[in-house]
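All of the numbers you see were taken from the coordinates with simple rules; none came from a lab. Predicted model only: the values in this text are computed from it and were never measured. In this analysis, Cβ positions are derived from the backbone assuming ideal geometry, glycine residues included, and neighbour counts consider all displayed protein chains.
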Amino acid sequence: MTPNTNDDASGSDADKKFDGALNSVLHIDKKDYPCYVGGLKIASGNEYVVKSPVDESIQFGRFQEPEEDLPDSAVDAAKEAFRSWSRTEPAKRAGMFEMVADMIRKQKYRIAAAVTLSSGMTRKGSIYEVDRLIEIIDDGIKKLREGVKGRPIGVWAIISEYNSPLAAPMGHAISAMLAGNTVVLIPPKECPFPVYMIYDMLVNAAVPDGVFNLIFDRRGKATRSLTENVNLGGIAAIGRSDRFEDLMFASVDDELVFISEFKGMNPLMIYRPASMQAAAEAAISSAFSYSGQRTDSCSKVIVTAGEQKQFIDCLLAAAKDITVGDPAEKGTHIGPVISKESMDVFLRTVRGARDHLIFGGKRVSDETTEAGYYVMPAIFAGLPEDHELNGMDHSLPILSVQIADDLNEAMEMAGDCETGPGSGIMSKDEKVIERFLGEADTDVVYINGPSSVIGTALKADIANFMR
């Protein structure tokens, strides 16, 4: 991968800054990244090299996997730091994180370039990740200065996945710290580098040792150990992961505050839209941004039998314009999936439902993409009603078009799945929209537009980290 040096393609100031930052990150010194507990660097000697999904030859360095007892040590350090941090004047805490926000602004494009290289997000998506983190910090500082009601809870475990490699983990962590809590964070194992960049900024802003502790966990053992620690006051789990299934039981503990932002299907219903072409384009955008891996990505569209043909014709026409390739290039719509394992799951899933495949579903391999994990998104139509792709999200660029006999059945199908944070409708019928709003069992309903309006890190609000 090389930065885009074509003047026509990088004419804006922002594009030039991004390209320059990309070159800087590509040539960054590779080094060991330890775990950080109580301000100390902790190395185990058990190293794991993190590679880029964009190109396996791009490496970020060796990350240290934790010893068995490190999660408990991190909670102990955070518990000790909580005693003084929770009593620190809100204005002083706000001042420290104002410094952090300023550092992030100054390094915005360098951080965004790191997000692109480490996760495969396009430049647009990566810049959004940085902007969203700044927005969360600014909002938390504002509320803290205005005198948000509540008191800190204690030690928080923040567990995050690649679905939002920066804004979600650091947004939740900084909101918790602004509220007077201390944090033990496990970043996405596939793309931890952006979080490590922010750690250095916290140190430079003089955030005290033990307030923020960072543990790399590739195998999931540290996650289990951390979340079972009885000294935790709260757990925030963000993204899509099999290991999160066990965390669902944490919500039944009256003493433990549990925040979940699990990736789901974010279903979209199409019913007499003002423009079928616009509805199809919204579905494509919702389904395939960040290769279908965003927390708010849509995995299922429901359409009635009477509108099926027109919608699918428009959907396929829109899908033909998709470009899969180097996510750092301006014209790219979709970069790689996060890992070889994800790519293999994608290809196996497509093979298992090939009779209903109407678009894509293949690996993309050329001179630019052969060393990465690139696939053409898959669209299925008419899968059996009980097929897993109609009910369970895979956090992959897969879209199932489910056909309903009528409006009532369409409404039922929209709720009959792992919904996730949102559900949506494209319709010009105000009464149908009103009914959908009344029946949708999701935090957010997106109307006549793509699911990206749901956003990232919805619950990273300082008030959620207080009693």
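Data for the structure
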{"quantity": "Hypothetical label at residue 62: residues of the range 212-242 whose amide nitrogen lies under 20 Å (7 Å Cα-Cβ projection)", "calculated": "215-219"}
{"quantity": "Estimated dipole of the range 13-262 in Debye, rounded to 20 [Cβ of Lys and Arg +1, of Asp and Glu -1, Cα centre]", "calculated": "760 debye"}
{"quantity": "Helical contribution to [θ] at 222 nm, DSSP H n ≥ 4, -39,500 (n - 2.57), averaged over the chain, rounded to 500", "calculated": "-11500 deg cm²/dmol"}
{"quantity": "Against the rule of thumb 2.2 N^0.38 Å, how large the Cα Rg of the range 152-247 comes out", "calculated": "0.99"}
{"quantity": "Farthest toward positive dipole pole in the chain [+1 Lys/Arg, -1 Asp/Glu at C-beta], among 421, 233, 451", "calculated": "233"}
{"quantity": "Dimensionless Rg ratio for the range 268-454, taking C-alpha atoms and the 2.2 N^0.38 Å reference", "calculated": "0.98"}
{"quantity": "Among beta bridges that DSSP assigns inside the chain, antiparallel share in %, nearest 5", "calculated": "25 percent"}
{"quantity": "Descending principal axes extents, the range 1-112, alpha-carbon based, whole Å", "calculated": "55, 40, 18"}
{"quantity": "Dimensions (Å) - the range 163-320, Cα atoms, principal axes, largest first", "calculated": "60, 36, 30"}
{"quantity": "Two-site label geometry, residue 102 and residue 344: point separation in nm, points 7 Å out along Cα→Cβ", "calculated": "4.9 nm"}
{"quantity": "Expected-Rg normalisation [2.2 N^0.38 Å, Cα atoms] applied to the range 13-262", "calculated": "0.96"}
{"quantity": "With Cα atoms, 0 to 90° folded angle of helix 123-146 axis to the chain main axis", "calculated": "50 degrees"}
{"quantity": "In range of the label at residue 124: residues from the range 329-369 whose backbone nitrogen is under 16 Å from the point 7 Å along Cα→Cβ", "calculated": "329-336"}
{"quantity": "Highest-first arrangement of 114-125, 165-176, where packing means the average Cβ count within 10 Å", "calculated": "165-176, 114-125"}
{"quantity": "Value of Rg to Rh for the range 308-396 (Rh from inverse mean 1/r over Cα pairs, i.e. Kirkwood)", "calculated": "0.98"}
{"quantity": "Dipole magnitude (debye, nearest 20) for the chain, charges at Cβ of Lys, Arg, Asp, Glu", "calculated": "1200 debye"}
{"quantity": "Charge dipole magnitude, Cβ of K and R +1, D and E -1 - the range 160-241, Cα centre, debye nearest 20", "calculated": "280 debye"}
{"quantity": "Coordinate range along principal axes, alpha carbons of the chain, Å, largest first", "calculated": "64, 50, 40"}
{"quantity": "Residue (of 64, 315, 159) at the positive-pole extreme of the chain, dipole from beta-carbon charges", "calculated": "64"}
{"quantity": "Cα-based equivalent ellipsoid of the range 275-358: semi-axis lengths in Å, sorted from largest, via gyration tensor", "calculated": "23, 17, 11"}
{"quantity": "Within straight-line cross-link reach of residue 30, aspartates and glutamates at Cα separation under 18 Å, skipping those fewer than 8 residues along the same chain", "calculated": "47, 55, 56, 65, 190, 200"}
{"quantity": "Hull shadow area, averaged, the range 398-452 [alpha-carbon convex hull, nm²]", "calculated": "4.0 nm²"}
{"quantity": "Too-long pairs where the Cα-Cα distance tops 24 Å, listed order kept, from 16/362; 108/340; 106/330", "calculated": "16/362; 108/340"}
